[in-house]
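Quick notes on the structure that follows.
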Protein chains: 2
Amino acid sequence: MGYTISQVAKKFDLTAHTIRYYDKEGLLPFVDRSKTGNREFSDSDLDWLKLICCLKNTGMPIKQIKQYIGWCLQGDDTIEIRRQMFLDHRKEVLKQMDNLKENLKIIDYKLEFYATNCNINDNRNKDCNQLSIGK
Amino acid sequence: MGYTISQVAKKFDLTAHTIRYYDKEGLLPFVDRSKTGNREFSDSDLDWLKLICCLKNTGMPIKQIKQYIGWCLQGDDTIEIRRQMFLDHRKEVLKQMDNLKENLKIIDYKLEFYATNCNINDNRNKDCNQLSIGK
DNA sequence: TTACCATTTAAAGTTAGCTCTAAGTCAAGT
DNA sequence: ACTTGACTTAGAGCTAACTTTAAATGGTAA
């Protein structure tokens, strides 16, 4: 039978509106319809959607995801460009992870500061309001 | 003397426009002005801005950063709530890192697939177009 | 003095990614 | 037959974070 849009929405923690929006934007050209025109998602469709969410959640714009879907539909001639896209995107993801790590250091520095100067012995004379975050 | 807005923009890889926007949104209430009304950034201001960028680049909305800045201005009564904000935000950042790691796995799976089935011996009969990305 | 910068403000415009509304269709239950 | 609820579309509306524009001011260099 396949899954209805609301079942899929639940599974992926999206709204049906959002899934229709993705469809409208060209991200789901493969999803079939029932006799009455309702979307029917197959298991393979869920795999596509999982990949789409992966790309979206790692910061790829919807337009670029659409382009990738288009390449997939075009067939094997686009295999190399698709592979390159994943390589490039992988680099992007690693960069994001590095950025998060760096920023986590700053946050941890601040937390250390609050712990050391503010909460032990409720010492309110020391200035926890300063913003020096180290070099 | 302090730094001009364009010097700061350069340092932080932002535009002067963006910095003025942050100021307008209440993120930079501490920045002084010269006699002629131009912003003059001190070293301490740069530390603030560094923290602001850290929070922004880890996904904190500008409104929430503004709220934090407001708490700082209010003084020591808000220390505990600020500390809690950093604790909460730290959790968010860790969650983001976990998400990135999970999604990186999917990307690596795809890359492995492209490497195995598509590029070795230029074997174009195998279907690299499929989207099954594993369980 | 004139030209050329960088700066200022207020306000309008842009983009991405939804989010919601209106009006309609269809299938199942009472 | 009627009601309820899930689905459909087109299109309008919304929010965040800029980004650009217009008009004005001030400092420096030739």
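Any read-out appearing in this document is the output of simple, stated calculations on the displayed coordinates, not a laboratory observation. Note that the structure is a prediction, hence the values are computed from the model and not measured. As a convention, Cβ positions derive from the backbone with ideal geometry for all residues, glycine included, and neighbour counts pool all protein chains shown.
Computed on the Cα trace of chain B, the radius of gyration divided by the Kirkwood hydrodynamic radius gives Rg/Rh = 1.23.
What 222 nm value per residue comes from the helices of chain B, counting each DSSP H run with n ≥ 4 as -39,500 (n - 2.57) and dividing by all residues, nearest 500 deg cm²/dmol? Don't skip to the end; give the middle numbers.
Working: 5 runs with 81 residues, N = 135.
The per-residue figure over chain B is -20000 deg cm²/dmol.
Rounded to 0.05, the FRET efficiency of the A:Lys101 and A:Ser34 pair, given R0 = 41 Å and the Cβ-Cβ distance, is 0.30.
Can you give the net charge of the other residues whose Cβ lies under 14 Å from the Cβ of A:Leu28, counting K and R as +1 and D and E as -1?
Details: positive: A:Arg20, A:Lys24, A:Arg33, A:Arg39, A:Lys50, A:Lys56, A:Lys66; negative: A:Asp23, A:Glu25, A:Asp32, A:Glu40, A:Asp45, A:Asp47.
Combined, the nearby Lys, Arg, Asp and Glu give +1.
Residue by residue through A:76-82, how many Cβ atoms from other chains fall within 10 Å of the Cβ on average? Present the calculation step by step, with values, prior to reporting the outcome.
Values: counts 8, 1, 2, 8, 5, 0, 5.
Going residue by residue through A:76-82 and averaging, the value is 4.
For a straight C-alpha distance cut-off of 22 angstrom, the lysines reachable from A:Lys10 (same-chain residues fewer than eight places away being disregarded) are A:Lys24, A:Lys50, A:Lys56, B:Lys95, B:Lys135.
Among the residues of A:54-60, the average count of other protein chain beta-carbon atoms within 10 Å of the residue beta-carbon is 4.
Counting Cβ atoms of other protein chains within 10 Å of each residue's Cβ and taking the mean over peptide B:101-113 gives 5. The local environment of B:Pro61, defined by Cβ-Cβ distances under 14 Å, has a net charge of 0 under the rule Lys, Arg +1 and Asp, Glu -1. Our compactness index for segment B:15-86, the C-alpha radius of gyration over the empirical 2.2 N^0.38 Å, is 1.14. Largest first, the extents of the alpha carbon coordinates of the protein assembly as shown on the three principal axes equal 71, 36, 33 Å. Springs between Cα atoms under 10 Å define the GNM used for chain A, and in it the highest mean-square fluctuation of A:Glu25, A:Glu92, A:Glu102 occurs at A:Glu102.
Placing a label point 7 Å from the Cα of B:His17 along the Cα-to-Cβ direction, none of the residues of segment B:34-63 has a backbone N under 12 Å of that point.
Based on Cα contacts under 8 Å between residues 6+ apart, segment A:1-74 shows a relative contact order of 31 percent.
Counting from the shortest, the label point at A:Thr4, 7 Å from Cα toward Cβ, is 6.4 nm from the same position in each remaining copy.
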